[in-house]
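The values are calculated or read from the model by the stated rules, or taken from the named source; none is laboratory data. Everything numeric here is computed off the predicted structure, so don't read it as measured data. Please note: Cβ atoms are built from the backbone with ideal geometry, for glycine as well, and neighbour counts cover all protein chains shown. For accessibility, only protein heavy atoms count, side chains too; no ligands or nucleic acids. Shrake-Rupley method; radii C 1.70, N 1.55, O 1.52, S 1.80 Å.
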Amino acid sequence: MMRLTKRHGHYLFNFNSIVKDFMEEYQNLEFMHDRVQQDVECATRNTEMIEKDVQNWLKDVSQVVNDIQKLKEEIEGKKTILGGWCPKWNLRYRLSRKVEEKRSIMSNLRESGKFDKVSYPITLPGIEFSAPKEFQLFKSTEPVFYQIIEALKDDEIHIIGLYGMGGAGKTTLAKAVGKKVKDEEIFDEVLTIVVSQASNFKSIQSDLAESLGMKLEEEGEEARAKRLYLRFMETKKKILIILDDVWKNFDLKSKIGLPFGNDLKGCKILLTTRRKNVCIGMRCQQRIPLNELDEGEGLSLLKKHAGIDDEFHPLNDVAIKVAKECKGLPLAIVTIGSALKEKGIDEWKLVFEKLKKSKLVDMCKDIDVDEDVYAILKVSYDYLEGKETKLCFLLCSLFPEDYEIPLEELAKCGMGLGLFSYADSIEQARSQLRVIVNKLKASCLLIDASDEELVKMHDVVRDVALGIASKGENSFMVKAGLGLTEWPKEEKHLEQYTAISLMANKLLVLPDHVVCPKLETLLLSQQYCHYRDYNIEVSNHFFQEMKALKNLTLSYVNLSSKSLKFLTGLKFLELIDCNLRDISSLKHLIRLEILSLRNSLFDEFPKELGALTELRLLDLRTFCQLKKLSSNVIQRFSQLEELYVGDCFDKWEDERTRVKGSNASLSEFKSLSKLVVLFLETNTKCLPKDFGFVCNKLLRYDISVNTYTDCHVSESRKKALTIKDIEAPSLITFKALSPTLEYLCLKEVTGCENILPSIDKGGLNKLNSLVLEDCKDLKCIIDTFQMQVPTPTFSNLVKLSLTRLNLLREICCGPCGKLQSLTNFKVRECKSLTCLFTLSLARSLVQLKSLELSDCESLKHLFMREEVDNDRGKEILSESNHVAIVLPNLEKLSIEKLPQLRCIWKGPTYHVNLKNLIDVKVRECKSLTYLFTLSHVRSLVQLKSLEVRGCENLEHLVITEEGDNVEGEDMQSNYDHYIQCTFLANLESLQINSCERLEYIFPISVARVLVKLQMLTIENAPQLKQVFFGDHGREEGDGKEIAVIEFAQLKVLKLYGLANIIRFCPENYHSSWPALEDFKMDRCSYLSTSFIAEVVAKVRNQEEVFC
């Protein structure tokens, strides 16, 4: 009793201290929320999945913060004019108690928010194999192709070796095999791993793990191999692993982590190599040679790539001779044919004579390439037009084998060597490079990589390039990606070299100095280093005898800029992840045009660097904050075209104070008359009023104000603007960007009721991504009533994301709004939104692929026709009631926590087209009574996954048509009408959870169509009577005969919490489960024991069953 009285007294007499503790706890919770939110945003940018408990915690905190804001307002409202707290004892008691309860809740939240991690890597989808470009199966290669496939089908064969000389087409054939076995579902997954001559097993392990959706935490090669081995041993999938370009024997288990022999289970290995001995050493059970094409096939391939399709073409005779000299090697034939495309007979004859006269003496003895291949590719090189094209080809050989070469790196190196002498700007140099690269691709000397900003060189072509670069005016020493730990000892005489590449090694030490009087390019980037404490030390004399150097790239080195003072002719300097200390000595590099200091440590960008007046590109982006960027330095870079600052500097001078300080100000940018590329993060107070003058000239940009950028677009195409916490009138500063803007993100922008026309009257027709968050005054996206004349709007908008727009009521206000290019649409926490699309707007969504909606508490319909609105004069559509909402490309539909949603489609739906819909998720839509009408279902021919959770009022998955109450035999007859179609034939996964009013799933006739169903999970559906209900009009169900329904591919069946289920299928139906592996059941007390016995008797890997 005393304790109770004391607690009540505490509420009455300690109000101020209670409020103080409450405010401190609130502040601590805010700090923790911000830390977790930052971790979540970082993980999201890295495409990781956020842990469910973290998501729930953030939602709980958000809810508590909303409650606390109201409580704070209540407390503030009760202050007396004397500055004390409200003297009314009952009110004091009530507020104290409420505050104390909230403080306790916040304390518990703060304790539960101490997460070890907030995310986990998303399991990557299986690699989609596409047939290699220009793949052609010849009579001589067809037996090899099918021999490999038959061997892969043989349960006794686990590893197959395909061998043949370089350029014979092994990789292309292996990829074609991979495509074939994946398409025919012989294997569930096909993974290709390039081993190459310089085998980096740690990198191979990482590539393999990434393909499998794993993350290897272990550092050691052996430990990582063990982890991968366990993963393969546990998998139930059949996986084909193509090990491409193997040069030497190694142990699959200890080096990579691949099981061998019988341990492989359903997994198999196909390796390609130039050497039969490798197949023997790797214990390949089948060793299959790939020989050259015969003369006829070689001629056919040559003519195809040379564009000769006429049997009586005047070039036929010389083409026969050229094909013969190509020795049946596909790589050589394709290269020569592409080089001679659209050339005259004189060029053909000249090439033939060169091929005929090519001798072994022309070949570099130090490279592992067949003499015929070398001679043929050397002719292709000789035939390249222009010195620039040849030098660019040779520069590609400086990068490691199988490396994806960034075009940006090639462009910078080329600029340093004067490769683009006719280019007036860096952007023009990039354009000239792309022209050169396209020529090299057309000649088959370069090939496409994973991205359009990257390019690759076939390993055989690279070997030839290195052979060519071993002599003549360009002499290269290339030992890139070989795992070297020290400077090559055998290379003591370096005087003849014009380029040295030791990139992507593990160098621990560099010589004190080296003598390289002709050296123009030195690449020492991408050195492997765990920590900066182990960076390579560079002597102050290392560069002393490299006075001709023009290109220099370094990474993970400790470097005094004084050591670079000898390099007065240097044009391109890239220092990545380096410890630089003082960089003032860079002032001696007066010819420097490109300076990149990405992620390097230095405190200050000093005023001495204003001497670099030839600078055209400056990249200061780093993970650490610069303490000082000296004033009046940037404005001296009169030739500067590109400036990349990012978030490394946040001490720009405040433009509002107009007091000149020691740091740079953004006003200096006005002096940069040639600036066309700007990557910048800043804040409102640092923006000069006339910053629009700078924006007006920009061709590429990524500008963020009061926040960071989240635009993941290639830098070569980026035109992005991200703004937070600003008033709408201030956006006029960036008006000049509107015609070119491609990515726009606005957060917490106030005073803006619409985007168009308020932000831009021109329609933002270049924009392809629009992100809007927490813009509290926004009522619609497009307001056509405010437009003086009809204007095209968002004609290129591909992605639209709307989050926490509390006043948003509609996407488009008024007629004529269209989103014809939209493919991805996300809406979250827009509490005033009642309908997503009107009919006229929905009809424009012909490209929409993904639609995700969540936490919109007022949303009642996704699609509905316009209604008459006398106040605003909305257009009344003249179309009939059966006008279609056509969504021919929709692939993903996800709706979650829409408590007012009663139906997805409002109005007649006979022409709704969902033919490409693959994935449907419906969660916690408590008012939803059905998902689809039969007319919808008719078009669901591609649907693979259907998940329905927490829809407590859902009565049917499918109804005949909105407003119809057809049941029993009439309902079944409608199903019978549609069952003739192939709808749901591709359904692989059906998951239903917590749908309390659902009595049936599908009629039994639909079960016959579910031939690809692999997972069926039904949980917590207490009213469910049968999974498949009876066919009242069919003979099988009237007791005259027993019918069998086979679920041919069903592997997982789980039935939980189905209190009233009696049968799985109607009476007189038996079910067959030939593929079932996992059967679990719990709390299904009335389910037929004969059904349980039937399933248990046939399941392969029986788990425990609970009844």
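Taking the residues in the range 670-724 that are buried (at least 17 other Cβ atoms within 10 Å of the Cβ) and of a type in the set (G, A, S) as candidates, determine which candidate is nearest to Q38 (Cα to Cα). So the residue we want is S704.
Is at least one residue of the range 578-595 in contact with a His (Cβ under 6 Å, 6 or more places away or on another chain) and open to solvent by 10 Å² or more (accessible area, probe 1.4 Å)? Steps first, answer last, please.
The initial filter retains those residues of the range 578-595 that are in contact with a His (Cβ under 6 Å, 6 or more places away or on another chain), namely none.
No, every residue in the range 578-595 fails to be in contact with a His (Cβ under 6 Å, 6 or more places away or on another chain) and open to solvent by 10 Å² or more (accessible area, probe 1.4 Å).
Pairs are defined by a Cβ separation below 7 Å, a sequence spacing of at least 6 or placement on different chains, a first member in the range 543-555 that is farther than 21 Å from R598 by Cα and open to solvent by 10 Å² or more (accessible area, probe 1.4 Å), and a second member that is in a loop (DSSP other than H, G, I, E, B) and of a type in the set (G, A, S); the pairs so defined are K547/G569; A548/G569. Inside the range 422-434, can you point out the residues that are touching a helix residue (DSSP H, G or I) at 6+ places or on another chain (Cβ under 9 Å) and either assigned to a helix (DSSP H, G or I) or closer than 30 Å to I336 by Cβ (or both)? If the condition is that a residue be touching a helix residue (DSSP H, G or I) at 6+ places or on another chain (Cβ under 9 Å) and either assigned to a helix (DSSP H, G or I) or closer than 30 Å to I336 by Cβ (or both), then Y422, I426, A429, R430, Q432, L433, R434 are the ones that fit. Within the range 429-451, residues that are at pLDDT 85 or above have Cβ atoms under 6 Å from residues that are open to solvent by less than 30 Å² (accessible area, probe 1.4 Å) and of a type in the set (V, I, T) in these pairs: I436/T389; V437/V455; K439/T389; L446/V455; A449/V455, counting only partners at least 6 apart in sequence or on another chain. Among the residues of the range 905-958, how many are modelled with pLDDT of 90 or more, surrounded by 21 or more Cβ atoms within 10 Å (Cβ to Cβ) and part of a loop (DSSP other than H, G, I, E, B)? So the answer is 6. State yes or no: is E520 of a type in the set (D, E, K, R) and surrounded by fewer than 17 Cβ atoms within 10 Å (Cβ to Cβ)? No. Exactly one residue out of G257, G328, G281, G337 is among the small types (G, A, S), open to solvent by less than 50 Å² (accessible area, probe 1.4 Å) and in contact with an Asp or Glu (Cβ under 8 Å, 6 or more places away or on another chain), and it is G328.
Just wondering, is there one or more residues in the range 976-987 that are at pLDDT 90 or above and either of a type outside the set (A, V, I, L, M) or open to solvent by 10 Å² or more (accessible area, probe 1.4 Å) (or both)?
Initial filter on the range 976-987 (at pLDDT 90 or above): 986-987.
Remaining after also requiring either of a type outside the set (A, V, I, L, M) or open to solvent by 10 Å² or more (accessible area, probe 1.4 Å) (or both): 986.
Scanning the range 976-987, I find at least one residue that is at pLDDT 90 or above and either of a type outside the set (A, V, I, L, M) or open to solvent by 10 Å² or more (accessible area, probe 1.4 Å) (or both), so the answer is yes.
Which is open to solvent by 40 Å² or more (accessible area, probe 1.4 Å) and either in a loop (DSSP other than H, G, I, E, B) or not β-branched (V, I, T) (or both), of E297, E292? One residue alone meets the criteria, E292.
Looking only at the range 692-709, filter to residues that are assigned to a loop (DSSP other than H, G, I, E, B) and closer than 11 Å to L737 by Cα; which one of those is nearest to the chain's Cα centre (by Cα)? Among those that are assigned to a loop (DSSP other than H, G, I, E, B) and closer than 11 Å to L737 by Cα, it is L699. Examine the range 454-466 for a residue that is open to solvent by 20 Å² or more (accessible area, probe 1.4 Å), part of a loop (DSSP other than H, G, I, E, B), under 24 Å from T171 (Cβ atoms) and at pLDDT 85 or above, and state whether such a residue exists. The answer is no, given that none of the residues of the range 454-466 is open to solvent by 20 Å² or more (accessible area, probe 1.4 Å), part of a loop (DSSP other than H, G, I, E, B), under 24 Å from T171 (Cβ atoms) and at pLDDT 85 or above.
Show the residue pairs that are 6+ apart or on different chains and have beta-carbon atoms under 7 Å apart, the first residue being within the range 239-251 and on the phi > 0 side of the Ramachandran plot, the second being small (G, A, S). From the range 239-251, the pairs are D245/S196. Listed by first and then second residue, the pairs linking a residue in the range 1020-1048 that is under 26 Å from E1077 (Cβ atoms) to a residue that is modelled with pLDDT of 50 or more and assigned to a helix (DSSP H, G or I), with Cβ atoms under 6 Å apart and 6 or more places separating them unless they lie on different chains, are F1028/I1004; F1028/A1007; I1045/A1007. Only a single item in (1) surrounded by 15 or more Cβ atoms within 10 Å (Cβ to Cβ); (2) not in a helix (DSSP H, G or I) is not met by E409, and it is number (2). Residue check: D207 meets all listed conditions (1) within 28 Å of the chain's Cα centre (by Cα); (2) surrounded by 18 or more Cβ atoms within 10 Å (Cβ to Cβ) but one, namely (2). Within the range 800-813, is even one residue modelled with pLDDT under 95, over 23 Å from E748 (Cα atoms) and open to solvent by 10 Å² or more (accessible area, probe 1.4 Å)? Within the range 800-813, not a single residue is modelled with pLDDT under 95, over 23 Å from E748 (Cα atoms) and open to solvent by 10 Å² or more (accessible area, probe 1.4 Å). As a summary of the residue check, R274 satisfies the conditions (1) charged (D, E, K, R); (2) modelled with pLDDT of 85 or more; (3) more than 25 Å from E385 (Cβ to Cβ); (4) surrounded by 20 or more Cβ atoms within 10 Å (Cβ to Cβ) except for the one numbered (2). The number of residues in the range 249-289 being out of contact with any helix residue (DSSP H, G or I) (no Cβ under 7 Å at 6 or more places or on another chain) and assigned to a loop (DSSP other than H, G, I, E, B) comes to 10. Is it fair to say K237 is among the charged types (D, E, K, R), at pLDDT 85 or above and exposed (fewer than 14 other Cβ atoms within 10 Å of the Cβ)? Taking the combined requirement at face value, the residue does not satisfy it.
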